[in-house]
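For reference, the structure discussed in these notes is given below.
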Amino acid sequence: MKTALTIAGSDSSGGAGIQADIKTMITNGVYAMSAVTALTAQNTTGVTGIMDVTGDFLKQQLDAVFTDIYPDAVKIGMVSQSELIEAIAEKLKEYKAKNIVVDPVMVATSGAKLISDEAIDTLKEKLLPMADVITPNIPEGEVLSDRKIESPDDMVTAAKAIFEKYGCAVLLKGGHAMNDANDLLYTEEGPQWFYGKKIDNPNTHGTGCTLSSAIASNLAKGMSMKDAVEKGKEYISLALGAMLNLGAGSGPMNHGFAVTTDWEVTK
Ligand SMILES: Nc1ncnc2c1ncn2[C@@H]1O[C@H](COP(=O)(O)OP(=O)(O)O)[C@@H](O)[C@H]1O
Ligand SMILES: Cc1ncc(COP(=O)(O)OP(=O)(O)O)c(N)n1
C-alpha cells in the first residue's frame with residue numbers, strides 16, 4: 001500500500017485540516033499518517049482558538065514517521081509560525097522527501113487568519129522552493145504573485161509568475177472567487193485549465209485541504225501531475241456533490257462518499 005503524510009493543523013470539527021486530509025487519503029486508497037502543527041478549536045462557523053506545537057515536537061513527529069513508515073507523498077497545510085516552517089524544511093531535506101504538495105493556507109473561509117505575516121516570508125523562502133506543486137486559492141495567489149487576480153487571464157499571469165519565482169508547479173484554484181470551479185495548473189509545459197462545474201453547495205469548508213490531499217494521494221500512487229490534479233478534482237466534485245449538510249455555518253463535505261456502510265465479515 002502506498003503511503004502519504006499530512007503535516008497540518010487539527011480542525012476539531014473534522015471538515016478541514018488533518019482530519020479532512022486523513023479522510024481524503026483513506027478514500028483515495030493510500031495509508032495516511034500525520035504530523036500535527038497546531039490544534040484549532042474550530043467549527044463550521046469559525047475558529048475560536050489556535051495552539052501551536054513547538055518546533056522541537058514537530059521535528060520529533062517527523063523523525064518518528066520518516067524513520068519508520070516512509071511516506072510516498074507529503075502534503076503540507078496550515079503552519080502558522082516561522083519556527084515550524086523551518087523545522088519542516090529541515091526535516092524534508094534531511095529525509096529527502098518526495099512528492100511534496102504545499103497548500104499555502106493563509107485565511108480560513110470563516111475569516112480566521114491561520115498564518116503570521118512573518119511566517120508567510122519564511123514559507124516563501126524555505127518551503128515553496130522545495131515543493132513539487134503548490135495549491136494557492138485566489139487570495140493566496142495574490143499574496144504569492146504580488147498582483148491582483150480578477151479574471152482568468154490574470155490567473156494565467158499570476159500562476160506563471162509564481163512558477164518562475166519558486167520553480168515548482170502551481171495549481172491556482174478558482175473555486176471560491178470566480179464564477180466557475182476552474183483551476184489552472186502551470187508547469188514547465190505552460191498553463192493547463194481543469195474545468196469544473198460549480199456545485200450549488202454552500203458547504204465548502206475544507207475544500208483546499210481536501211484537494212491538496214487528494215493530489216498528494218494520487219502522486220503517492222505514481223500518477224503524473226496532470227492526472228493527479230484531474231483525479232483530485234473529480235474527487236472533490238463528488239465529495240461536494242454528495243450534499244452533506246452539517247453545522248450552522250459553511251459545513252464539511254462528505255469525504256467518504258465512496259465508503260460503504262454495509263460491509264460484512266466474510267467467514
Ligand atoms: N462550489 C464548488 N463547486 C465545485 N468545485 C468547487 C466549489 N468550490 C470550490 N471548488 C473546488 O474546490 C477546490 C478547492 O478550491 P478553493 O475552494 O478555491 O480552495 P480553498 O479552500 O483553499 O479556498 C478547487 O478545485 C475548486 O475549483
Ligand atoms: C486546521 C485548518 N487547516 C486549514 C484550514 C483551511 O482550510 P481550507 O481547505 O483552505 O478550507 P476553508 O477554510 O477555505 O474552508 C482550516 N480551516 N483549518
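Derivation of every value follows stated rules applied to the coordinates shown; laboratory data play no part. Keep in mind it's a predicted model, so treat the numbers as computed, not measured. No Cβ is skipped: glycine too gets one built from the backbone with ideal geometry, and neighbour counts run over all protein chains shown.
Just a few scattered comments:
- q = 0.07, 0.09, 0.12 Å⁻¹, the chain: log10 I(q)/I(0) [Debye, one scatterer per Cα]: -0.21, -0.36, -0.66
- Loop-located trypsin sites (Lys or Arg not before Pro) across the range 184-228 with a Cβ neighbour count of 15 or fewer within 10 Å are K197, K198, with loop assigned by DSSP.
- Förster radius 22 Å - calculated FRET efficiency between L238 and Y31 (Cβ-Cβ, nearest 0.05): 0.55
- Where labels lie 7 Å past Cα in the beta-carbon direction, separation of K96 and S116 in nm: 3.4
- Span-rule helices in the chain, defined as complete DSSP H runs reaching 15 Å or more along the axis (Cα) with Kyte mean at least -0.5: 17-27, 55-66, 82-94, 152-166, 207-220, 225-241
- Ranking of S34, S217 by count of other Cβ atoms within 10 Å, fewest first: S34, S217
- When the alpha carbon gyration tensor of the range 1-108 is reduced to an equivalent ellipsoid, the three semi-axes, largest first, read 21, 17, 11 Å.
- Every Cα-Cα pair in the range 124-267 was counted, and those over 27 Å apart are 24% of them.
- Rounded to the nearest 5, the antiparallel percentage of DSSP beta bridges internal to the chain is 40%.
- A cut-off under 14 angstrom between Cβ atoms defines the neighbours of I26, and their net charge, with Lys, Arg +1 and Asp, Glu -1, is +3.
- Under 12 Å, Cβ to Cβ, from G14 - net charge with Lys/Arg +1 and Asp/Glu -1: -1
- Stretchable slack from S151 to E188, in nm (0.36 nm times residue separation minus alpha-carbon distance): 11.1 nm
- Extension gain from V143 to N201, taking 0.36 nm per residue of separation minus the Cα-Cα distance: 18.2 nm
- Value at 222 nm in deg cm²/dmol, rounded to 500, when DSSP H runs of n ≥ 4 in the chain each add -39,500 (n - 2.57): -11000 deg cm²/dmol
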